[in-house]
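Only one structure is covered here, and it is reproduced in the block below.
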Amino acid sequence: MTDSTTRSVLAVVALVVAAAVAAVAGYLVFVWLPGDSLARLLGVVLTIGLVAAAVRLAGSVLSSRFADYTVAEVAVEGPITRDGDAGGFPPSPGSPGADDVVDQIERADDDPNTGALLVKLNTPGGQIVPSEDIRLAAERFDGPTVGYATDTCASGGYAIAVGCDELWAREGSVVGSIGVIGSRPNVHELADRLGVSYEQFTAGEYKDAGVPLKEVSPDERAYLQGIVDDYYDQFVADVAEGRDMDEETVRDTEARVFLGTEAYDRGLVDGLGDREAVLDRVEELTGTEAVVEEFTPQRGLMTRLRGGASAVAYALGAGVASRVAGDDPATGLDVRFRR
């Protein structure tokens, strides 16, 4: 009998024992002790609930104790945002939010069965700080971490990749885009034609810098460009440190994307190959067979319902108002900075 079969048999036996103990305890407390028939009926119902709870608890414990996986896989797919599609109900395709991805990595790190982390990357990038949070979580993982670029690993996706010990890609993967973009709509000329004037009362010279309804002054433009430059310098430094590259070499990429083969030649990735090749490399790093378990967000029905209601309320109220006003209340800027 193999170790895997033995673990499965023991897990089944443990579940049966837990259910039996719960059933006996429930019967004694809820059925045998009460006297009247109504109380006995209620006791039967409570006993069934107790058995279900016991089986669920035992299953949760046993899934960790008798698990046969050795590698945790976490996926970052689609645009990177703070919340992802967490508010949607039913869920929409795409990546979970950065907070969910960080939680998955941390759960994998705490799991005694997990000896390595595989980060699957298929993303064009996204918001700067959420990308940074995922990168830091990957860096903190206690064990080998390997990033695997499938179709696209660009911008914020590449920022995450440099937090891994190694990055692998396919020959046709699109890799790179080490740069930062700050964008804002400019509708002041349209507003003038429509007879819409802009009046806003602020304290602080640059509080309304970047608001779409007014033209950007040279000083405001320099101020906003300075923020983009600072983000870029930080991105370059992170890549240089994570990839052990010279900063000038990183800047020489000029935020271009490269196919996997050229990315490998430039030192932006460590190896080229399909998923099997990546798993072979993980086995070399860990010295054990790579059995992968996909870690996914832990979100229940009520979480989705609450998130969906919040999203609807935001869209109908403050969300619409902020779009019209063109001002981000958190920063005073209507400029979106992203990698």
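A short reminder: the numbers here are calculations on the coordinates, not readings from a lab. Bear in mind the structure is a predicted one, so any value in this text is a computation, not a measurement. Note that each Cβ is placed from the backbone with ideal geometry, even for glycine, and that neighbours are counted across all protein chains shown.
Observations on the model:
- Spatially, the range 110-167 and the range 248-291 are offset by 12 Å when compared through their Cα centroids.
- FRET efficiency estimate (nearest 0.05) - Cβ-Cβ, residue 151 to residue 289, R0 25 angstrom: 0.35
- For residue 116, nonlocal amide neighbours, meaning residues 5 or more places apart or on other chains whose placed amide H falls under 5 Å from its own, are 72.
- Residue list for the range 239-255, given a label point 7 angstrom along the Cα-to-Cβ vector of residue 183 and an amide N cut-off under 16 Å: none
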